[in-house]
1. Scan the range 17-46 for residues that are assigned to a loop (DSSP other than H, G, I, E, B), in contact (Cβ under 8 Å) with a residue 40 or more places away in the chain and exposed (fewer than 14 other Cβ atoms within 10 Å of the Cβ) and report the count.
2. Which condition number does T24 fail, the rest of (1) farther than 13 Å from A87 by Cα; (2) more than 14 Å from the chain's Cα centre (by Cα) being met?
3. Hey, among A71, A58, A87, which residue is outside any strand (DSSP E or B) and touching a residue at least 40 places away in the same chain (Cβ under 8 Å)?
4. Scan the range 34-81 residue by residue and report those that are in contact with a Gly (Cβ under 8 Å, 6 or more places away or on another chain) and on the phi > 0 side of the Ramachandran plot.
5. Regarding A74, is this residue small (G, A, S), surrounded by 11 or more Cβ atoms within 10 Å (Cβ to Cβ) and modelled with pLDDT of 95 or more?
Amino acid sequence: MPGEDGLDQDGNLGYGRDTNAITTVGDKTFIQIAGVWTDTAFEPDTMTTEKVEFLSDAYFDLLDSTPELAAYFALGERVIVVLDGVAYEVIQGQ
């Protein structure tokens, strides 16, 4: 819990690890939830994801067919992005 100065016990602003990171890529905003960069357009209650394993053949095939995903996938090994109404989820490889 932050002290009076707004810093937690480690000297970080806010709540440290409990604070979700936010970033933008192009015109999309992503929030990091439980280690997954998640497009704010993703509606988990109404959408299912097309899963693709990070750095797999299917991953590169998808990037070849839909190159606009590359900037979003560059966020990391775990990403959910919505493009043209389809939610794509990059999952960790095994």
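The values are calculated or read from the model by the stated rules, or taken from the named source; none is laboratory data. All values derive from a computational prediction rather than experimental measurement. In this analysis, Cβ positions are derived from the backbone assuming ideal geometry, glycine residues included, and neighbour counts consider all displayed protein chains.
1. Of the residues in the range 17-46, 2 are assigned to a loop (DSSP other than H, G, I, E, B), in contact (Cβ under 8 Å) with a residue 40 or more places away in the chain and exposed (fewer than 14 other Cβ atoms within 10 Å of the Cβ).
2. Just one mismatch for T24, condition (2).
3. A71
4. If the condition is that a residue be in contact with a Gly (Cβ under 8 Å, 6 or more places away or on another chain) and on the phi > 0 side of the Ramachandran plot, then L55 is the only one that fits.
5. No; evaluated as a whole, the condition is false for this residue.
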